[in-house]
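Enquirer: Before I ask anything, here is the structure I am working with.
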Amino acid sequence: MPGKVKVRVLAGRGLPVMDRSTDLTDAYVEVRFGTDVFKTDICKKSLNPQWNSEWFKFEVEDESLQDEPLELRVLDHDTYSANDAIGKIYVDLNPLLTKDPLKVISGWFPIYDTMHGIRGELNMIVKVDLFSDVNKFRQSSCGIQFFSTAEVPSGYRMQVINGFVEELVVNDDPEYQWIDKIRTPRSSNEARQRLFSKLSGELQRKIGVKVSELGGNAVIGYCQCFDLEGESGIVARGIGTGVTLVRPSQMMPPSPLGVSPQFKDSPLLEDSATPSSPPNMIIRCATSPVKVTTPQTQVRRSSDSDVSNTTPPKGSSLTESSGSGSGMGSSGKAVTKLSAQQPSIELMEYPFFTMTSFPVGFIVHLGGVVSAKSVKLLDKIHNPEEPETRDAWWTEIRTEIRTHCRAMGCHAVLGYTEHTTICEEIIVLCATGTAARVNVTYDPASATRIPPPIPSVVAEKPPTEKDRDKKLFVDVNLANSAAQSSLQALYDHGSDDGSPFYNCQLCHVPYKPNSAPFPINLSVCAICRKRKVPDVLFTTIDPPVEIQTHGKGSFIQARVCRPKPKSKGGESNAKEISDGLPFLEYELHSQLMSKLKLCGMNGLYGLKIQITVGESLLVGVATATAVFIAALPIPQVPRVSGQATTEEENNRLQEIQKRISERVFKNREKNELLHIDTGQVSPRSIVTDDSDDDVSDLDLSSGNKDSFVIEVDDANDESIVSLLRDSQLPEGFMMLNTHKIPGSTTLASNLQMFTQVWRQEYMVTSRRSFMDIFENLVKKICYKLRRMSPCCLCGLDFGVELPEDREIQVTVTGVCCSVENVPDSAFELQNCSKGNLLKTVPCVTNSHGGGGSERDDMMFQMEEFSSEGNIASHNKVPPTRSTKAETSAGTKSETVSVRRSLEYVHNIQRHKNSVELTPLPYIPGLKIEKYLGNYNFFFIRESTSLREIGGQGGFMQTFVAEVMANVRANVASLGGNGLVSYRMNQCVLMCNPHKNQSQCLINVSGDAVVVASEENFPIVVEPLPKGSDSPIT
């Protein structure tokens, strides 16, 4: 699909002074695409030049259109010397390469220089005209949409799931190509930044071609990473889930019976033809009463290159023998079946899904977390410029993940992620996901809910063990009638408020407990009282709406740092790392289990495990959100076990047991778990009647899991002491790392996104010292956001790097959101003077010892929001300490005033032209009206005057702010006002304070969107007037 790119440069503003004699600049712009270059006129002696150039036109092929970025370079003209560079702008054209009507990129872009940062702005217009091309051999993926969002995008419906897609591209690193030349910082950084943009476009194009060959039109959960292998080169990797998305208005009308077209040779004709729900009825979660064994006649796809030659049988099903879902949709709405072209899961080479949130009815059983790791040597690659060796490495990892998944009786991996860590010539490949049994035959479709009729439901006699052993002969007509009656019975239990029903089947183990050759400690499901469930459930996905939970979610993090002998050689170093990884993972798992039990909970969502290898350290960090799952047994208070030789040691152990019991009680009280009762079936729960025939035999090594015991070597055991010393979050703060909020908490609005980068020398002295790093980071974040309390910090993402010997770097990103239905008790003043809205955060003391007001410690008085107006005014309260004698009426009125002020802070109307950034796939309080495209940004910043710009902290603060400014400018140029699923994929910081130098590379990604408030005025993007090329009047 060749096209024509048209660019027009309008004006510039805020340019730096380049001519010291006149304190002005003679600026002009070079517009480059590929090898073609155009130049504007020189605007002499102006810091705000006006060019209003003609249209520069580039005729390019579709491959170049997707691979190459549009480059605009601003320079200062010199008559007798070389022209000086001011900065560059890289424009990604992929958001314009869609089948939508003509779109335009227009607006002010920051002029970015890798040595000086942002140096002014440039106003321009970019248009792309695509020509239709029916060549089936073209290597173009124009029209394929990419989403960083790990769920079905808002406003779309998933018609077909085409499967897991991946690609890998290798190139030389310009940073290591200056052996025969003199390296100049600006030239090296610009060459590297341009290469990153080009590799990103090439990677996206190749993945899009694969999706197009599979018959899809979009990639969900797209994740792109770069492996900086040093002299071996740069490896760009991308993974995602290929799907076919349609708008609800584009979906095919359902047949009268709600059955997808089927062919007579379909092996699951009878089973898949179960009548769907009547129109405008809501079905929650259930299981099919019919079980039909699928003949194993399908052949697994050998490779992605064979996809185009393999036509999946029409009407094939993915349910296998686990029982098909009855057609449940997202948020409990009625659903229709997917297209008959849905490929079978047995045709997928890797049944992996990079999504973390799924429609209701997609997940049948959750097995648990599966992971695989491999240690490789980069210097053993025979041909570093070719990707074959890396492809073989990742093939081994994915095959191992698939084997682990099948060993647990599952056939799919959800929430699948991949990452690497590199130290010198060692690279560690890691893959993680959640094993599950799924049913991808159905897709959610919207329906209007009406009051259902009241049918007569006849209770059925449960089958006995003797009946289960008998062969089942199915009468299709009778089975379909029974299925219809079963579905109709679900209407009686409908929720009047439209909330989803709960289905305990997801928590049932997907294997037969009595088939294992060893004892397994499982419990009876607390809801249906029929099937077995595990004691705890670990997952890497967001909380499914079908699983019933109690109380609130709680943030949990396990941190392990182990010393490693310094490198003695490639193979010996790899052996040391390989031998230490199992012990590191075991310690991470032990910490997670201990902290989970101390919280009084039994489930983990959003589990993310990161392994980092350094020269002398081996670090592992596991982050998750703990919840209480109703179907699982109530966790008992951990029991301390140890050998006490003296009476003093015995008393110490009893004291530890007492402290543990007190901590569990406080956590249960904080998380609202004191009055739960899992012995009663929820009125919105569905009691399933699935038999043991629907699950497979277990093929997994597992030990005896009796009551949870914390082993204590002695009364001063460091592990238990550090466990009990974990600091609690300040009052008014809630932390989660998931995108979906478990429990009854509801987000109201997006307040502020934050990024924290911390780097310092670190010596392994004790386990507690390593944990203090993360806890102090959390305290700093809470202290900086104390004015927004009560709030929820969600979407937290921790990244750990070991850039140098004895140095550690921690990066934290997240978003602060306000919470709905905040009680008055949350606004009570604590240790604050009258009228002061700055709340003192526990665990952070001031210079006076923590007893006085923060106003006493301030050099200047701060402006405070007025509770009656929309402008800030100065308070003339003298800086004196408040007296203890206060009336109850005064305290009450003070609380009301503070509540109104804080509510105003939480409900500040954002400026109409602002761009919201969030790591969540949505913006609380706003509705996504349109997706504009996926962005991947790459920025490099270097400084040779580190001390002059405020040291390492000032350097990173400025760089992160410049990255945010560039992201917002690119989103606004498409007409967007939000970026969802924001993620900092990489932050590589190299610092040498002795030479006054520092360099940093940041890679961020996300989906540009147009959002509008559901209550307030919508934000309208005005189109260009006819006959005008510029939006500026």
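The values are calculated or read from the model by the stated rules, or taken from the named source; none is laboratory data. This structure is a prediction, so every number in the text was calculated from the model and none was measured. Backbone-built Cβ (ideal geometry, glycine too); neighbour counts: all protein chains shown. For accessibility, only protein heavy atoms count, side chains too; no ligands or nucleic acids. Shrake-Rupley method; radii C 1.70, N 1.55, O 1.52, S 1.80 Å.
Enquirer: Using a Förster radius of 22 Å, what is the FRET efficiency between Gln957 and Gln760 based on their Cβ-Cβ separation? Nearest 0.05, please.
Expert: Values: r = 16 Å, r/R0 = 0.72.
Computed FRET efficiency for Gln957 and Gln760 comes out at 0.85.
Enquirer: While we're looking at this one, here's another question. Measuring from label point to label point, each 7 Å out along Cα→Cβ, what is the Lys6 to Ala407 span in nm?
Expert: Here the modelled spin labels are 6.1 nm apart.
Enquirer: Also, I was wondering about something else. Can you tell me the length gained on complete extension of the stretch Glu571 to His589, counting 0.36 nm per residue apart and subtracting the Cα distance? Write out the running numbers ahead of the final one.
Expert: Details: separation 18, 0.36 × 18 = 6.48 nm, distance 2.78 nm.
Stretched fully, the Glu571-His589 segment lengthens by 3.7 nm.
Enquirer: Right, here's the next one. At 1.4 Å probe radius, can you tell me the per residue accessible area of segment 578-652 in Å²? Write out the running numbers ahead of the final one.
Expert: Details: 2720 Å² over 75 residues.
That works out to 36 Å² per residue.
Enquirer: How long is segment 1-41 along each principal axis, judged by its Cα atoms, biggest number first, in Å?
Expert: Taking the Cα atoms of segment 1-41, the three principal extents are 50, 19, 14 Å.
Enquirer: Starting from the Cα of Lys512, step 7 Å along the direction of its Cβ; do the same at Arg247; then give the gap between the two resulting points in nm.
Expert: Distance between the two pseudo-spin positions: 5.1 nm.
Enquirer: Note down the Stokes-Einstein diffusion coefficient of segment 340-398 in µm²/s, whole number, using a Kirkwood radius over alpha carbon pairs, 10 °C, and 1.306 mPa s. List each step's numbers first, then the result.
Expert: Numbers: Rh = 15.2 Å.
Diffusion coefficient, whole number: 104 µm²/s.
Enquirer: Which entries of Lys564/Lys658; Lys206/Lys995; Lys206/Lys376; Lys532/Lys597 show an alpha-carbon separation above 32 angstrom in the structure shown?
Expert: From the list (Lys564/Lys658; Lys206/Lys995; Lys206/Lys376; Lys532/Lys597), the Cα-Cα distance tops 32 Å for Lys564/Lys658; Lys206/Lys995.
Enquirer: Taking R0 as 60 Å, what's the FRET efficiency between Arg787 and Ile42 from their Cβ-Cβ distance, rounded to 0.05?
Expert: Details: r = 49 Å, r/R0 = 0.82.
So, using R0 = 60 Å, E works out to roughly 0.75.
Enquirer: Sorting check: for 366-372, 797-803, which peptide has the highest mean count of neighbouring beta carbons within 10 Å, and how do the rest follow? Could you put the intermediate results ahead of the total?
Expert: Details: 366-372: 22.7, 797-803: 19.1.
Final packing ranking: 366-372, 797-803.
Enquirer: Quickly rank 352-360, 161-169, 749-757 as a protection proxy: mean count of other C-beta atoms within 10 Å, highest first.
Expert: Numbers: 352-360: 24.9, 161-169: 23.1, 749-757: 19.4.
Going by the mean number of other Cβ atoms within 10 Å, highest first, we get 352-360, 161-169, 749-757.
Enquirer: Would you please give the FRET efficiency between His77 and Asp726, computed as 1/(1 + (r/R0)^6) with r the Cβ-Cβ distance and R0 = 56 Å, to the nearest 0.05? Spell out each step's value before the answer.
Expert: Details: r = 61 Å, r/R0 = 1.10.
Once the sixth-power term is evaluated, E becomes 0.35.
Enquirer: With Cβ to Cβ distances under 11 Å as the rule, what net charge do the other residues near Ala236 carry (K, R +1; D, E -1)? Can you show the working numbers first?
Expert: Numbers: positive: Lys198, Lys206, Arg237, Arg390; negative: Glu167, Glu202, Asp227.
Local charge sum for Ala236: +1.
Enquirer: So, how do all the Cα-to-Cα distances of segment 37-187 break down into 5 Å bins, in percent, from 0 on up?
Expert: 1, 6, 11, 15, 15, 15, 13, 10, 7, 4, 2, 1, 0
Enquirer: Turning to a different aspect of this structure: Order of 119-125, 989-995, 521-527 by packing, highest average Cβ count within 10 Å first?
Expert: On the way: 119-125: 22.1, 989-995: 13.3, 521-527: 18.1.
Order by mean packing, descending: 119-125, 521-527, 989-995.
Enquirer: Same structure again: Report the extension gain between Asp172 and Glu59 in nm, rounded to one decimal, defined as 0.36 nm multiplied by the number of residues separating them, less their alpha carbon distance.
Expert: Numbers: separation 113, 0.36 × 113 = 40.68 nm, distance 2.83 nm.
Here the answer is 37.9 nm.
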